[in-house]
Amino acid sequence: MQRFIHTTARINSSIVNSTLKDTLKDLVPKRRTEFLQLRKELANTHLPDNDLTVGSILGGMRGLQLMYWQSSTLDPNLGIKFHGYTIQDCQKLLPGPKNPNIFYPEAMFWLLLTGEIPNSKQVMGLTKQWNEIVISNSNLETSHLPAEVNKLMESLPSTMHPMTQFAIGVSSLSHFSKFRDHYSRGLNNKLTMWEDTFDDVMTLLAFLPSLAGKIYARLHGSSTRHKGNNKDTTSLGEFNSKADWAKNLTSMLGLLNKGNSKNNDEDIIDLIRLYTGLHVDHEGGNVSAHATHLVGSALSDPMLSYSSGLLGLAGPLHGLAAQDVVKFLLETQKQVKDSTDEKQLEDYLWSILNNHRVIPGYGHAVLRREDPRFTAMVQFTKERQSQFKDDPNVNLMLLLSKVAPRVLAEYGKCKNPHPNVDSASGILFHHYGLNHLDFITVIFGCSRAMGPLAQLVWDRIYGLPIERPKSVDFNYLKKFSTLS
Ligand SMILES: CC(=O)SCCNC(=O)CCNC(=O)[C@H](O)C(C)(C)COP(=O)(O)OP(=O)(O)OC[C@H]1O[C@@H](n2cnc3c(N)ncnc32)[C@H](O)[C@@H]1OP(=O)(O)O
Ligand SMILES: O=C([O-])CC(=O)C(=O)O
């Protein structure tokens, strides 16, 4: 029996397989103890014919140079560089709308794919091409999506998490994959398949703003329907065939013309340009990039490959932290009497840590300092002091970035107590009226598409093979420990 409760559908599974689960429950304490002992004992042990230690095999492969990634490299202390260009370099060099420190995400995609800084004409040409893909492949009477995709999206429960809807929408674009179609008909080969990959990547990137807009509109549609209003669920804002990608994304989320001043509208668009320009890539080992690359290595088409990346991005230790931070900030406002008081904030953070929960937006698997992307988002607020100075949530975000590192350093467990990229961004979207918090990671997903998909094109150009590491089992590892 299935019962749908609020935004989460629950399945009553307690009656199913209870014998199996009970058997497992009996096994867990002994196996867990043995596993932890083994992990500790063998942390620095090299296996025969293997340069790797057991510690790194069981520790999420942290720090191992195991992947080829063309367009970005992460230095633990300096942060991300895109083909050697820092974030500040990109803010200076990449073509943008002339506002300080803002560039078009299209320009970043050009850089990721080619390693070269494009000129404005090249960037405008790319925007035009993406917009033409949307216009000529949509049923414009209903949406800016292919009719089949639109119909599928309409059929999903609007209470389904936006990231689930997004991954479904992206994978459904596989229906139009040239790569998949040509492969199944024997029309491409190892030397030419990069071109079909490239064409699919262009299609996918072109449709992301409309897909995100569709999902966001349905969230609004469902909430208005509850009030008895049968509002239709097409996009909340218009698609403009002359506008750049981030402007269309902002517009289709209905964030423009909300009675704000024109300047304010420009700032919202710039925020989305900056955010989607900076979140594109973080070298190859992060979950969304790695998943895309792995699935693509089986020659799954770009839509299926990136859909897997999105499913990884939807995890709270990765991209979902962006929504969790906003929920956390709003909850902190409720739980802490005076959220400008550092001592009260410290106590609240300790209560979370003592409950074995993580503080979202802090820590990183590789970075060992404040994330320069976080710094860039904060810089965005500093350049617009008059807009942000009275927002208590933005102020809380800024104050926490001073308090939380102190607390986390004293806690002593995490290797990086500093804010990561997810610390600042969501609350800025919230400031500009994006109020469905579960949606925030979808914007991340629009941006993150660019790096892993640029890499996928190069994977096919170089003919990189199917990824297939060797695994080891418990009994094998046991042989090297005192458990044997
Ligand atoms: C776009 C991005 O993906 S950026 C990251 C977004 N994620 C978050 O903000 C969630 C909060 N942060 C975290 O959970 C972690 O810092 C991660 C997942 C980002 C990195 O994880 P790791 O590489 O394992 O970090 P690290 O080696 O420092 O972890 C050591 C311990 O500190 C804990 N820790 C790390 N960060 C935090 C945190 N923010 N709050 C509390 N505890 C933390 C880990 O859970 C781990 O505990 P354990 O030994 O009990 O398992
Ligand atoms: O690099 C990582 O592990 C996490 C990530 O994707 C990011 O910070 O953008």
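The values are calculated or read from the model by the stated rules, or taken from the named source; none is laboratory data. For clarity, every value in this text was computed on a predicted model and none was experimentally measured. As a convention, Cβ positions derive from the backbone with ideal geometry for all residues, glycine included, and neighbour counts pool all protein chains shown. Accessible surface is based on the protein model in full, side chains and every heavy atom, while ligands, DNA and RNA are left aside. Shrake-Rupley method; radii C 1.70, N 1.55, O 1.52, S 1.80 Å.
Per-structure values
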item	result
Label point distance in nm, Tyr183-Met67, each placed 7 Å from Cα along Cα→Cβ	1.9 nm
Cα-based reach from Lys30 at 17 Å (exclusive), listing aspartates and glutamates while leaving out same-chain residues under 8 positions away	Asp22, Glu41, Asp473
Partner aspartates and glutamates for Lys415 [C-alpha distance under 13 Å; skip if fewer than 8 residues away on the same chain]	Glu370
Amide H partners (placed H, <5 Å) of Ser72, local residues excluded	His83, Glu283
Ranked packing of 176-186, 346-356, most packed first, by mean Cβ within 10 Å	176-186, 346-356
Span-rule helices in the chain, defined as complete DSSP H runs reaching 30 Å or more along the axis (Cα) with Kyte mean at least -1.0	193-226
Cα shape, the chain, gyration tensor, a/c 1.5 rule	rounded
Per-pair calculated FRET efficiency, R0 = 22 Å: Leu58 and Lys21 via Cβ, rounded to 0.05	0.30
Protein accessible area in the chain, 1.4 Å probe - carbon and sulfur %	53 percent
Highest to lowest packing among 446-458, 27-39, scored as the average C-beta count within 10 Å	446-458, 27-39
Whichever lysines have a C-alpha closer than 24 Å to that of Lys190, once near sequence neighbours (fewer than 8 apart) are set aside	Lys178
Surface accessible to a 1.4 Å probe, per residue, for the residues of segment 386-448, Å²	34 Å²
Burial ranking of peptide ranges 243-253, 460-470, 126-136 (average Cβ count within 10 Å, highest at the top)	243-253, 126-136, 460-470
Cross-link pairs beyond the 30 Å C-alpha cut-off, checked among Lys25/Lys334; Lys151/Lys258; Lys81/Lys151	Lys25/Lys334; Lys81/Lys151
222 nm mean residue ellipticity, helices alone, for the chain (DSSP H n ≥ 4; -39,500 (n - 2.57); rounded to 500)	-17500 deg cm²/dmol
Accessible area in the full protein assembly, largest first, 1.4 Å probe, for Thr441, Thr45, Thr19	Thr19, Thr45, Thr441
Segment 16-101 - accessible surface per residue (Å², probe 1.4 Å)	70 Å²
Surface accessible to a 1.4 Å probe, Lys413 within the full protein complex, Å²	150 Å²
